[in-house]
Amino acid sequence: MKPLSQLVFDNRFASLPEHFHTRLAPTPVPDPYLVAWNPHAFELLGLHAEAAASPEFVEVFSGNAALPGADPLAALYAGHQFGHYVPQLGDGRAILLGEVAHPSGSRWEVQLKGAGRTPYSRGGDGRAVLRSSIREYLCSEAMHGLGIPTTRALCITGTDMPVHRESVETGALVTRLAPSFIRFGSFEVFFYRGQHDEIKALADFTLQHYFPELLDEAKPYVALLREATGRTARLMAQWQAVGFCHGVMNTDNMSILGLTLDYGPYGFMEAYNPGYICNHSDHDGRYAYDQQPQIGAWNCTCLAQALLPLMEIDHARDALAGYGEIFATEYMRLMCAKLGLPFEEASAPLVTGLLDLMAKNRTDYTLLFRALAGFDSGADAKNTGLRDLFIAREHFDAWARAYGERLRAIGSIDAERAERMQRVNPKYVLRNYLAESAIRKARDERDYTEIERLRSLLSRPFDEQPEFDDYAKEPPDWAREIAVSCSS
Ligand code: AMP
Ligand code: MG
């Protein structure tokens, strides 16, 4: 483990030609302070825990001081926002400090979000508010805890500098880590500008550094598209299975590595409603929960289009064609596991039957699946606790009869199944009210302990952690209608 000053940088993205980015340093902020730091992410970088206590740490991760070897830059990209192509986006408030090489060989790009204006800010202030920084920090770590590919979070620093959103808030920076922040929109920008050499350079860069095994394929660019498509389909299956709604699935927020990227107005499903829209600015529900799989596919076609100069259209079509099958298979595999059933044809009606029932009864998604682990498959069992999660108890009874019959037919052993189900059905997810409580404490009392409590809790979402039972509960009345806007 090293002190901060000994992190070794090897900035591969910075080595791309100047069209790809603009070199610039973060804009300093007044009197920064440390809000949160994540020991798991420290380990990823090989950073000593003591580093968090040093004044230098706050200075570096608020953008006030430079690290030796860092080569900060803002990356160029474009993207389809709510279905419409926007020719230039780019890191408007994020600055990539560089890429840290861990002694073990793993590499992490380190990015400050909220680091000030860049040439891509398009009139924005280049800042992020404390509220949204806490939301990103907590959710990315919660997703990792759930086993879902995601960017990671190292720390949050804050400043009392006012930042104007719907109301006046204070500024913060969240430091994110990922092997790469390349997005679908990173390719699109060059396609729409007709810069085909740059598309090739970026595809080569991506293949060489992140998918070297694909370079042996007969058609590496097609293989890259196929791989990104497959990863996206699998990511969507994982989001759906856990009830995660991203909220802003624009192509500039789609990672070429298939990571969950850019946490804005996201939400975890509570009362089950397939049409759930977590982003209050998404009036048409383009990014509603049940739209996510097909939006993922649509986004992959945008990527395919951007890569067309590198391949024949029929090959692009073939690469995209796998999406539907991969998503459907992966989703059903995950859902069967959530029900403790074998992944086979006969399990499907029980999955869809349960979801229908949950939609009609607006059952809490996380609570129900977790409770289902305790299902008693005995022929005369009443399963009262589970039954009480439904408004129409008799609907549950009919489904439970079929489920119990199936479990008995396959010789499922309750205790064994319960154990398996608890490993795939989280007890804890980052419900909006939990994030909101941490935000309020931080904002109103400068008390950051709730952030750390949630980070730690959500890093082990499948563990009982009985002292935190309250954190597994449905939202209290005050929190039922927390509105989450795009503003961040
Ligand atoms: P997002 O909706 O956060 O994914 O951002 C979409 C685009 O707007 C990206 O290019 C961001 O860098 C940019 N952006 C968002 N907020 C700001 C801000 N406050 N200042 C400058 N650019 C921003
Ligand atoms: Mg974004």
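Please treat every number below as a calculation from the coordinates, not as lab data. Remember, predicted model here, so these are calculated numbers, not experimental data. Cβ sites come from the backbone with ideal geometry, for glycine too, and all protein chains shown count toward neighbours.
Taking 7 Å along the Cα-to-C-beta vector as the label spot, tell me the ARG122-GLU416 distance in nanometres, rounded to one decimal.
The modelled label-to-label distance comes out at 5.5 nm.
Just how large is the dipole of the range 1-106 about the Cα centre, in debye to the nearest 20, putting +1 at every Lys and Arg Cβ and -1 at every Asp and Glu Cβ?
I would put it at about 220 debye.
Starting from the Kirkwood Rh over alpha-carbon pairs, what translational D in µm² s⁻¹ does the range 126-186 have by Stokes-Einstein at 4 °C and 1.567 mPa s?
The diffusion coefficient I find is 102 µm²/s.
Can you work out the Karplus-derived ³J(HN,Hα) for every residue in the range 244-260? Use 6.51 cos²θ - 1.76 cosθ + 1.60 with θ = phi - 60°, whole Hz, and x for glycine or proline.
Taking θ as phi minus 60°, the curve returns 8, 10, 6, x, 9, 7, 6, 5, 6, 9, 9, 7, 5, 8, x, 8, 5 Hz for the range 244-260.
Under a crude label model (7 Å from the Cα following the beta-carbon direction), how far is ALA483 from GLN208 in nanometres?
Label-label distance for ALA483 and GLN208, simple model: 4.9 nm.
Between the DSSP loop rule and a limit of at most 11 other Cβ atoms within 10 Å, which trypsin sites (Lys or Arg not before Pro) in the range 330-393 are left?
Here the trypsin sites (Lys or Arg not before Pro) that fit, given the DSSP loop and packing criteria, are LYS382.
First select every other residue whose beta carbon is under 12 angstrom from the beta carbon of GLY353; then total the charges, Lys and Arg +1, Asp and Glu -1.
Result for the neighbourhood of GLY353: +2.
Pop the C-beta distance of LEU355 and ASP463 into the FRET formula with R0 = 30 Å and round what comes out to the nearest 0.05.
So the FRET efficiency works out to roughly 0.70.
May I ask you to derive the relative contact order of the range 241-302, considering only C-alpha pairs under 8 Å and at least 6 residues apart, and to give it as an integer percent?
Over the range 241-302, the number comes to 38 percent.
Taking a cut-off of 30 Å between Cα atoms, list the lysines near LYS338, but don't count ones fewer than 8 places away on the same chain.
Excluding near neighbours in sequence, the set is LYS360, LYS382, LYS427, LYS473.
Can you give the Rg and Dmax of the chain based on its C-alpha atoms, in angstrom?
23.0, 71
Once you treat every alpha carbon in the range 341-424 as an equal point and sum by Debye, what is log10 I(q)/I(0) at q = 0.21 Å⁻¹?
Calculated log10 I(q)/I(0) at the listed q: -1.06.
Could you tell me the ratio Rg/Rh of the range 249-329? Both radii from Cα atoms, Rh via Kirkwood. Mind showing how you got there, number by number?
Details: Rg = 14.5 Å, Rh = 14.2 Å.
Ratio of gyration radius to Kirkwood radius for the range 249-329: 1.02.
Are there cysteines in the chain with no other Cys C-beta under 4.7 Å, and if so, which?
Flagged as lacking a Cys partner: CYS139, CYS155, CYS300, CYS302, CYS336, CYS486.
I want to verify the translational diffusion coefficient of the range 331-488 in µm²/s; compute it with Stokes-Einstein, Rh as the Kirkwood radius over Cα pairs, at 10 °C and 1.306 mPa s.
D = 92 µm²/s.
To the nearest Å, what is the center-to-center distance of the range 205-222 and the range 226-266, using C-alpha atoms only?
So the two Cα centres are separated by 22 Å.
Report the Cα centroid-to-centroid distance between the range 301-355 and the range 375-442 in angstrom, as an integer.
Here the answer is 26 Å between Cα centres.
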